[in-house]
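Taking it in order: structure first as structure tokens, then the write-up.
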Amino acid sequence: MHPMSVETHGTHSHRDGGAGKDRHAVARFRDALDAERRSAALYRGLAAGATGERQQIFLELASVEERHAAHWADKLVGLGEPVPEPGRTGLGTRLLSWVARRFSVDAVLPFVERAEQADAGLYADDPDATPGMAVDERSHARVLTRVREQGPAGAHAGRGIARGERWHRSDRSGALRAGVFGVNDGLVSNTSLVMGFAGSGAGGRTILFAGLAGLFAGAFSMAVGEYISMRGQREAYEREIALEAEELRDDPEAEAEELALIYRAKGLDRAEAERIATTIMKNHDTALDTMAREELGLDPAELGSPWSAAVSSLIAFALGAVVVVIPYLFGTGTAALVTAVLLAATALFTVGSALGTLNGRAPLRSGARQLLIGGGAAIVVYLIGHAVGIRGI
């Protein structure tokens, strides 16, 4: 039945509501159709500037986008709407295609890759899209990343690995980096708090209690925030893996094609990539683990522990925050203040140097910068406290 035929039934308001929904659906389907056609045209433009296996990958990506376009065209037909003829390719698509043909595909790949990453979840919650479409959109960005790293003949593959190699060797889980940042947060925030109270002329016990309050409040706040963040992230990852398991069950052939395409983007020839993908798909658990790693970029065995993250965050923040409190546990007055300043300055420089080392930068420069920034913040709060103390507010 044509959607407009409902106008012969029911109330006028019901008819208007149905027509409004139809108009909204038609507009959405046309927009999706147009977007998929533009994507297909772009991939064919990239293919025109590529050769060999890269060219075939771009052509296959274009075919995927054309299948998506056909789906939205069918949706329009289902609503009794005409399917618009393909219009002229947009200026942006023509420009990127021209650059790919005239200069190099590698010149435009970063732009296309970022666009695909932005659209990775495009159809995730769309009831009118097929599950396979959501899978395709998520995998396209990863395929393009592999193509870019691999280069025309594998020239960039080693470079992509080398960029991450130092970090993988030093801290594969990222726990060390998170710990250093946690210490830094506790150090800067509590040093500023204690210096603010010291500047106001508060007594030693008041400063001590303020420092302890800042330590516990900040540490527990960080722990709760990290737990909630990690719990949400883990649940999102588990959902992604569950969806991948459903897709493997419902359409294993399409998943095998996606996996083969990823391996081809890594540099394997078509026959080898398809052979490996077929072998992997014979075992469901192996296939799910591989697709999670290759398509989603997830390690099912290391999705992160909310409790571990919360505890480590609490401890790291407390270690940084306690530095400036220690002198007031054993003394008061000028001696405690000077000791606190010296300890805080030393800790700021040390943390900055550690962050510089982790980031591959000069430790001395990074330490000095951290001391300048963190020390500057503490001085500003000290002056504010001093001004407030003088006015007796």
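Observations, loosely collected:
- Under 14 Å, Cβ to Cβ, from Glu85 - net charge with Lys/Arg +1 and Asp/Glu -1: +1
- As a proxy for reagent exposure, ranking Glu253, Glu137 by other Cβ atoms within 10 Å from fewest up yields Glu253, Glu137.
- Neighbour-count ranking [beta-carbon atoms within 10 angstrom, fewest first] of Thr278, Thr206: Thr278, Thr206
- Highest mean packing first, where packing is the average number of other Cβ atoms within 10 Å per residue, the peptides 42-49, 280-287, 368-375 line up as 42-49, 368-375, 280-287.
- Computed E for Thr339/Ile373 - FRET, C-beta separation, R0 25 angstrom, nearest 0.05: 0.70
- Taken along the Cα-to-beta-carbon direction at a fixed 7 Å, the label points for Val224 and Lys282 span 5.4 nm.
- Computed extension gain for Ala35 through Ile384, at 0.36 nm per residue and net of the alpha carbon distance, reaches 120.2 nm.
- Of the peptides 85-98, 58-71, the order by per-residue mean of other Cβ atoms within 10 Å, starting with the highest, comes out as 58-71, 85-98.
- Here the calculated FRET efficiency for Glu238 and Arg88, from their Cβ-Cβ distance with R0 = 41 Å, stands at 0.40, rounded to the nearest 0.05.
- Full extension of the chain between Ala271 and Glu246 gives 6.3 nm of extra length, using 0.36 nm per residue less the Cα-Cα distance.
- Exposure proxy ranking, count of Cβ atoms within 10 Å, fewest first, for Met222, Met291: Met222, Met291
Computed from the coordinates by the stated procedures, all read-outs in this text should not be read as laboratory data. Remember, predicted model here, so these are calculated numbers, not experimental data. Positions of Cβ are generated from backbone atoms using ideal geometry, with glycine treated the same way; all protein chains shown enter the neighbour counts.
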